[in-house]
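Trainee: Dropping the structure in here first, questions after.
None of the figures in this text is laboratory data; all of them are computed from the coordinates on show. Note that the structure is predicted; figures quoted are calculated from it, not measured. Cβ coordinates were reconstructed from backbone atoms using ideal geometry, including for glycine residues, and neighbour counts include every protein chain displayed.
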């Protein structure tokens, strides 16, 4: 069964066509990568899925529910989470708070219970803290729980971003260039991490990435976009052989 | 009918002044995305400069030609006000250019109140209202029952010319182009060999000069006092927001709209004390339906 | 390493927060009751202390929006005016004089609720767009409220309204300050409070992490206005005379100065800001009187201070920090356990260094 179906997604930025007729169907548990040159409209696709931009036309169907037009937070609570190309942690807040904020929607006490400190509040807070610490443990960050997140080293910030996205309890995870700025050793570690969380949280993952090592290593299916248009689609091996892709994207590397 | 024509003329007169001040708000916002809350009080300062210069000139033993005194007063007010505005920018806003925007807005609010309260506390000025002496003889004309004075026509005409000139400067000159470039991207512009500081100063000078024109004309027609920065300034500010803050033609349009509201509120409502209520309510309603103002464009957020 | 199953609060902390603090508060409450009666606190000091209390409430109220949430309201004097007028009208017109002392808490709360209701109305247009629009809308709101009061002749119009008994005394003020601090603290250290902080940090990211940004903004704004309304109600029953010109942007600026002086994003800072500012202004009054300078210069001081604060110390004295006793037990214990100077953590750090 398809988890998400995107059909004919098109978006214009005042006269400039950023995404044209984008189609994608994701099966449960798949790991699909979107690749393409800079400015090809990849991040825009993520922004359209998560409701940051409203598409000019097209549908996004997630588990039988239409996402277009919903406010961002509702899209997230229906089971989609994302990370950012440029890390966007809540820099001045602690690691634990970063994780707890991402559980905003799952908290079930009313504001009144909170400001009067009624019993329901304490119980629920305890639960959130527990869940957050578990998550931090998985990402090997539990010792840093009270560190202000801007003080974390780069690699840990990247990990925290993924952990924070998972705290929203998603079914589909959108990763926007998770390996950006990483050295080869960190990249290897990231690949393991993605494989691991995918299994442990039964995630479907949609990935934007430039590092071919990551894409070819873990993606089951690849979609190549350029100028907002899909120019190829297939398994990593098919993509590597596709002449149009070589021309548009891998060209220089292949010709060497 | 005559009554309405008369009121329209009055509305144009008041609206011109609002439009002139609104331009200053909108230009600074356009380039720095800063609501320069002090601008109303800069306008107030300009009226005092005009007051002192004109008193000085008229007090001379030689009688100067009226046109000369008028132009001299106007130029002196423009120069003095520009100096004040640039000083404020350099001392209060520039240190905050990299700070969160909110700090800058609060500083602007502080500067405005400082100017106002300083003028009240400062003995030679004080809280009393004054009138700028008549710089030229203003005659009243009457055509078909509609009365208008030389001064009134001067206000409407001079404001109109100033606005057209300013619009040309922003649209056609290199300075205007640089201003628009900075409002797009503050970080790339210096790479093109343009000094951001200079352009920002020029923006403040232009805004202040236009406000000074408004201030001098206003002071000749009505009385001036240190609180007018708030009374007139807030109205001009609403004009800028109603027209679409950051948009020059929007500010002009907004100014005239507010002028009409001011004049026509007492026509349709029992007293003129409802003016603030009507103007600010209009602002609220407009913001609900068109948050960017009449001519403003929505900003696109980047993720 | 085991995941903590439950937060264990050390006995000392428990003892302090559960007993000592409450005991201390009771003693202070008793003092606020006894001292003015014995004459140790003269009426002037009594009045200044009440103003400090009211200002603490106002500062916390504004800090919620400007400091914690990072939005910018310039119109809180409007909410204060609503609270002041609502409570005054209630106690003069509706509630019989004999019942007034007993129903005073109720009167004050109604003042706050009305301010909150208006905040709800204002909140809708304000939060459609980010940035300066809240500033513009609250500014307009402040002006509308002032203008509306001036135009309603029944409540005195521009002449103002009087006839309230002096209901606000030191013990009452103290109780209301404590309630405000308690509620604000609980609010900040809750799910909603974390949402508020996330908005200040990065609104777009907050939305993309399931935070209902709209809900957070509206609720915070309403809560903040509620507190401002309460402060207004107390103010009206202290001064016994309210007039529309007392609730202008100048009043809002006073609040801003207190927030940015004490420290944004901090309840302790709000208290400090209100205390320091009120005392400094009072001291200035005496100094100017002594030096024979016109009192109008006092008005120059507030904006000047605001400008210097913004340039040299934009986060204020306590910026985004908090006194430990204002942090709830559960949150605080965690922070103590990770104190870098504690023995346990130092040892751990060493072992980590050895590893690497």
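Trainee: If you build a Gaussian network model of chain C, linking Cα atoms that sit under 10 Å apart, which residue out of C:70, C:319, C:160 swings the most?
Mentor: C:160
Trainee: Next up: Arrange the following residues from fewest to most other Cβ atoms within 10 Å of their Cβ: B:274, C:277.
Mentor: Ranked by crowding around the Cβ, least crowded first: B:274, C:277.
Trainee: What does the average come to when, for each residue of peptide C:187-197, you count the partner chain Cβ atoms lying within 10 Å of its Cβ?
Mentor: 6
Trainee: In terms of the Cα gyration tensor, with a ≥ b ≥ c the square roots of its eigenvalues, is the stretch B:75-129 rounded because a/c is under 1.5, prolate because a/b exceeds b/c, or oblate?
Mentor: Numbers: a/c = 3.38, a/b = 1.53, b/c = 2.21.
Oblate, since a/c reaches 1.5 and b/c is not below a/b.
Trainee: Extension gain residue C:97-residue C:287, at 0.36 nm per residue separation less the Cα-Cα distance, in nm?
Mentor: Contour length minus the Cα-Cα distance gives 64.4 nm.
Trainee: To the nearest Å, what is the center-to-center distance of the stretch B:240-303 and the stretch B:117-158, using C-alpha atoms only?
Mentor: So the two Cα centres are separated by 25 Å.
Trainee: First measure r as the distance between the Cβ atoms of residue A:21 and residue B:285, then evaluate 1/(1 + (r/R0)^6) with R0 = 35 Å and state the FRET efficiency to the nearest 0.05.
Mentor: 0.30
Trainee: Place the peptides C:16-23, B:3-10, B:228-235 in order of packing, highest mean first, counting for every residue the other Cβ atoms within 10 Å and averaging per peptide.
Mentor: B:228-235, B:3-10, C:16-23
Trainee: Quick one: plug the Kirkwood hydrodynamic radius of the protein assembly as shown (C-alpha pairs) into Stokes-Einstein at 37 °C, 0.692 mPa s, and report D in µm²/s.
Mentor: The estimated diffusion coefficient comes to 107 µm²/s.
Trainee: Among B:184, A:12, C:297, which comes first, then next, by fewest other beta-carbon atoms within 10 Å?
Mentor: Going from sparsest to densest Cβ surroundings: B:184, A:12, C:297.
Trainee: Let me ask you something else. Please give the average number of partner chain Cβ atoms lying within 10 Å of the Cβ of each residue in A:72-84, rounded to a whole number.
Mentor: Details: counts 9, 11, 3, 3, 6, 2, 1, 0, 2, 3, 4, 1, 5.
Other-chain Cβ atoms within 10 Å of each residue's Cβ, averaged: 4.
Trainee: If we sort B:24-30, C:148-154, C:207-213 on the protection proxy, mean other Cβ atoms within 10 Å, highest first, what's the order?
Mentor: On the way: B:24-30: 27.3, C:148-154: 15.9, C:207-213: 25.6.
With the highest mean Cβ count within 10 Å placed first, the list reads B:24-30, C:207-213, C:148-154.
Trainee: In addition: Measuring from centroid to centroid over Cα atoms, what is the spacing of the stretch C:214-279 and the stretch A:46-95 in Å?
Mentor: Taking the Cα centre of the stretch A:46-95 as reference, the centre of the stretch C:214-279 is 37 Å away.
Trainee: Given 0.36 nm per residue, what is the gain on full extension from residue C:47 to residue C:179 after removing their alpha carbon distance, in nm?
Mentor: 45.5 nm
Trainee: Something else: How shielded is C:243-251 by partner chains, expressed as the average number of their Cβ atoms within 10 Å of its Cβ atoms?
Mentor: Taking the mean over all residues of the peptide, I get 1.
Trainee: Also, I was wondering about something else. By the gyration tensor of its Cα atoms, with a ≥ b ≥ c the square roots of the eigenvalues, what is the shape of the stretch B:2-228: rounded for a/c under 1.5, prolate for a/b over b/c, or oblate?
Mentor: The shape class here is prolate.
Trainee: Tell me whether the stretch C:1-156 comes out rounded, prolate or oblate; compute the Cα gyration tensor, take square roots of the eigenvalues as a ≥ b ≥ c, and use a/c under 1.5 as the rounded threshold.
Mentor: oblate
Trainee: Follow-up. For residue A:112 and residue A:227, FRET efficiency with R0 = 41 Å and r from the beta-carbon atoms, rounded to 0.05?
Mentor: Approximately 0.20, to the nearest 0.05.
Trainee: Anyone know which of C:326, C:58, C:103 comes out most mobile in the 10 Å Cα GNM of chain C?
Mentor: C:103
Trainee: Just want the ordering: B:68, C:301, from fewest to most Cβ atoms lying within 10 Å of their own Cβ. It would help to have the intermediate numbers written out before the result.
Mentor: Working: B:68 11, C:301 18.
Fewest-to-most Cβ neighbours within 10 Å comes out as B:68, C:301.
Trainee: Follow-up. Report, in deg cm²/dmol and to the nearest 500, the calculated mean residue ellipticity at 222 nm for chain B, where each DSSP H run with n ≥ 4 adds -39500 (n - 2.57) and the sum is divided by the residue count.
Mentor: Here the helix-only value at 222 nm equals -24000 deg cm²/dmol.
Trainee: Same structure again: With both bridge residues required to lie in the protein assembly as shown, what share of the DSSP beta bridges run antiparallel, to the nearest 5%?
Mentor: The answer is about 65 percent antiparallel.
Trainee: Then there is this: If you average 1/r over every pair of different alpha-carbon atoms in the stretch A:169-219 and take one over that average, what Kirkwood value in Å do you get? Write down the numbers at each step before the final one.
Mentor: Details: mean 1/r = 0.0898 Å⁻¹.
After inverting the pairwise mean of 1/r, the radius is 11.1 Å.
Trainee: Expected output is a single nm value to one decimal: the length gained when fully extending between residue B:130 and residue B:71, i.e. 0.36 nm times separation in residues minus the C-alpha distance. What is it?
Mentor: Values: separation 59, 0.36 × 59 = 21.24 nm, distance 2.06 nm.
Between residue B:130 and residue B:71, full extension yields an extra 19.2 nm.
Trainee: Would you please put C:77-87, B:256-266 in order of how densely packed they are, using the mean number of other Cβ atoms within 10 angstrom per residue and starting with the highest?
Mentor: On the way: C:77-87: 30.8, B:256-266: 20.2.
Packing proxy ranking, top to bottom: C:77-87, B:256-266.
Trainee: Just to be sure I understand: with springs between alpha-carbon atoms less than 10 Å apart, which residue in A:173, A:70, A:112 has the highest mean-square fluctuation in the Gaussian network model of chain A?
Mentor: Checking each option, the largest mean-square fluctuation is seen for A:112.
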